[in-house]
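Read through the structure below, which is laid out as structure tokens, and then see the notes.
Just so you know, all these numbers are worked out from the coordinates, no wet-lab data involved. Note that the structure is predicted; figures quoted are calculated from it, not measured. Cβ coordinates were reconstructed from backbone atoms using ideal geometry, including for glycine residues, and neighbour counts include every protein chain displayed.
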């Protein structure tokens with residue numbers, strides 16, 4: 001379990017009280033029994049003839065405080081939870097925590113030494129042993145309790161607070177001893193170099209996810225510690241736009257905050273240090289470094305670069321190191337979704353590159369009126385021209401010819417999206433293209449409605465076009481753990497694939513993606529996108545592209561046109577692939 005180290009009295013708990021007055025000693029294995037002596041300190045509370053009302057209102061004496069503490073501490077030491085709990089102001093809460101003292105916390109062989117009462121308070125020193133499986137460490141700290149009169153009969157009792165058990169325990173916490181988090185992992189790039197947040201700041205969520213998934217598999221062991229953890233987490237475990245996008249605005253999207261995990265709590269005593277395992281990833285050190293630099297220079301940006309023919313993720317980066325939009329984001333992708341929509345229309349024979357395709361100023365469906373950026377229109381335009389210009393109405397006009405699930409089927413069957421079955425090696429969001437009706441279905445064709453993607457998903461879309469078939473992206477090679485990768489149920493027809501590549505190539509040459517993609521041809525293609533989001537003054541800018549065997553996608557939230565803001569990030573990474 002790793003190197004052990006002893007931890008002295010913890011974190012400034014105060015000086016040890018004078019060991020006079022109340023004394024609890026000579027505990028044996030378990031909680032055991034021991035001598036318990038009270039030295040006279042004043043008038044005894046025994047034999048009182050006061051009425052209940054008089055007792056409720058009577059000031060506490062030193063004898064009252066000593067007597068209440070004696071009853072509580074003696075029962076606690078002996079393991080008599082019922083008696084100890086009854087000697088407090090909240091027996092039920094005290095019973096739960098005192099039971100957990102030996103159960104969840106694994107604390108045994110406890111003895112207490114108390115000082116003289118000071119007003120209604122009394123300090124006591126705790127000496128015990130914390131045990132977890134074959135590990136054990138001595139526990140020593142100074143505690144404090146206060147005494148109040150019980151509401152029902154005025155008898156002195158210990159005022160219950162979890163801090164009676166340990167001074168660092170908050171009211172909503174309990175003590176637990178066990179593995180503290182996941183086993184750590186030393187993550188390596190594809191060349192064997194160590195990946196750290198010092199070198200690659202935005203990899204924090206990735207490294208955490210690697211530890212969670214591969215810590216023990218890679219030979220690591222987690223730390224073992226006595227911790228203060230949220231009581232509710234323990235109970236749960238026990239129970240357990242522009243550029244052509246102008247539809248109505250979407251509600252605020254999830255930008256990819258790290259998955260919520262059970263709180264690890266605060267360490268109070270370490271029994272065994274963690275030891276790291278080792279896992280190799282597909283990340284390319286040079287390309288990862290470049291990706292970090294590009295997003296650092298562009299606020300609210302995220303990017304993913306991958307190899308199209310294999311699915312290997314070569315770089316993933318976010319300008320905000322705490323928010324993994326690149327892999328876990330859930331955002332409307334705007335007109336980049338038209339790559340998938342075009343594949344569907346081409347396969348259904350509802351569009352052909354050189355066939356005339358309507359691009360009016362407006363197009364209505366399902367009660368919504370859609371328009372193009374700046375309300376432009378193109379007369380006698382071909383489908384290729386409409387795609388390159390990112391004409392919304394060219395797609396909305398086809399909605400009446402589609403079934404509600406046509407786009408969903410295309411996304412799932414050909415592009416492998418929205419099935420929640422990707423096994424990347426780290427936590428990801430695998431895209432969502434839900435079946436919708438009426439206006440939301442039409443909006444989905446242009447990447448709004450209920451469609452949700454992130455740069456990983458959209459890089460995979462371009463990779464599917466470049467490679468000719470879907471290859472599930474992965475950051476940890478499947479040979480590391482023998483896991484199976486997701487598969488698409490069918491490939492795109494060869495005729496549709498050829499036309500789709502032509503559409504993306506023409507967009508990179510002469511369409512909305514031409515400026516950032518300049519000089520990267522001829523084996524290349526791209527699509528821009530802009531998604532308006534409710535509550536944002538500016539839309540999210542998207543860009544997805546491929547060059548040779550490499551594909552990438554980026555989003556810059558609250559920026560504007562995708563070609564202007566996200567495009568240069570993608571182009572820089574594709575250019576660096578040689």
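For a protection proxy built on the mean count of beta-carbon atoms within 10 angstrom, sort 402-411, 548-557 highest first, please. All intermediate terms of the calculation are to be shown ahead of the outcome.
On the way: 402-411: 19.1, 548-557: 27.8.
The packing order, highest mean first, is 548-557, 402-411.
For a Förster distance of 35 Å, can you work out the FRET efficiency between the beta-carbons of residue 558 and residue 163, rounded to the nearest 0.05? Working from the Cβ atoms, E equals 0.20. Take the Cα of residue 273, step 7 Å toward its Cβ, do the same at residue 493, and the gap between the two points is 6.4 nm.
Using r as the Cβ-Cβ distance of residue 404 and residue 56, and R0 as 56 Å, what FRET efficiency do you calculate, to the nearest 0.05? Present the calculation step by step, with values, prior to reporting the outcome.
Numbers: r = 70 Å, r/R0 = 1.26.
Plugging the Cβ-Cβ distance into 1/(1 + (r/R0)^6) gives 0.20.
Taken over the stretch 280-576, the convex hull of the Cα atoms encloses 113 Å³ per residue.
Going 7 Å from the Cα of residue 368 in the Cα-to-Cβ direction, what parts of the stretch 445-476 have a backbone nitrogen less than 13 Å from that spot? Residues 445-452 qualify, since their backbone N sits under 13 Å from the label point. The antiparallel fraction among DSSP beta bridges confined to the stretch 280-576 stands at about 95%.
Going by Cα centres, the stretch 335-398 and the stretch 448-512 are how many Å apart? Going from one Cα centre to the other spans 21 Å.
How do 354, 142 line up, fewest other C-beta atoms within 10 Å first?
Arranged by neighbour count, lowest to highest, 354, 142 become 354, 142.
Rg and Dmax of the stretch 524-578, based on Cα coordinates, read 11.7, 40 Å.
From the alpha carbon centroid of the stretch 279-310 to that of the stretch 520-578 is 14 Å.
So what's the stretch 258-395 giving for Cα Rg divided by 2.2 N^0.38 Å, two decimals? Walk me through the numbers before you get to the answer.
Values: Rg = 22.8 Å, N = 138, 2.2 N^0.38 = 14.3 Å.
Here the answer is 1.59, to two decimals.
In terms of Cα atoms, the Rg and Dmax of the stretch 363-411 work out to 11.9, 32 Å.
By average Cβ neighbour count within 10 Å, what is the ranking of 384-390, 357-363 from highest down? Intermediate results must be reported in sequence, preceding the final value.
Values: 384-390: 25.6, 357-363: 19.3.
Listed from highest to lowest mean packing, they are 384-390, 357-363.
Rounded to two decimals, the Cα radius of gyration of the chain over 2.2 N^0.38 Å is 1.33.
How would you rank 511-521, 314-324, 467-477, 62-72, highest first, on the average number of other Cβ atoms within 10 Å across their residues?
On the way: 511-521: 19.6, 314-324: 24.7, 467-477: 21.4, 62-72: 23.1.
Most protected by this proxy first, the peptides run 314-324, 62-72, 467-477, 511-521.
What value, in deg cm²/dmol to 500, does the helix sum -39500 (n - 2.57) over DSSP H runs of n ≥ 4 give at 222 nm once divided by the residues of the chain?
Working: 18 runs with 161 residues, N = 578.
Roughly -8000 deg cm²/dmol at 222 nm, from the helical runs in the chain.
Neighbour counting of Cβ atoms within 10 Å sorts the residues 95, 174, fewest neighbours leading, into 95, 174. Normalising the Debye intensity of the stretch 445-518 to I(0), with uniform scatterers on Cα atoms only, and taking log10 at q = 0.23 Å⁻¹ returns -1.21.
When the convex hull of its Cα atoms is viewed from all sides, the stretch 86-133 shows a mean projected area of 4.1 nm².
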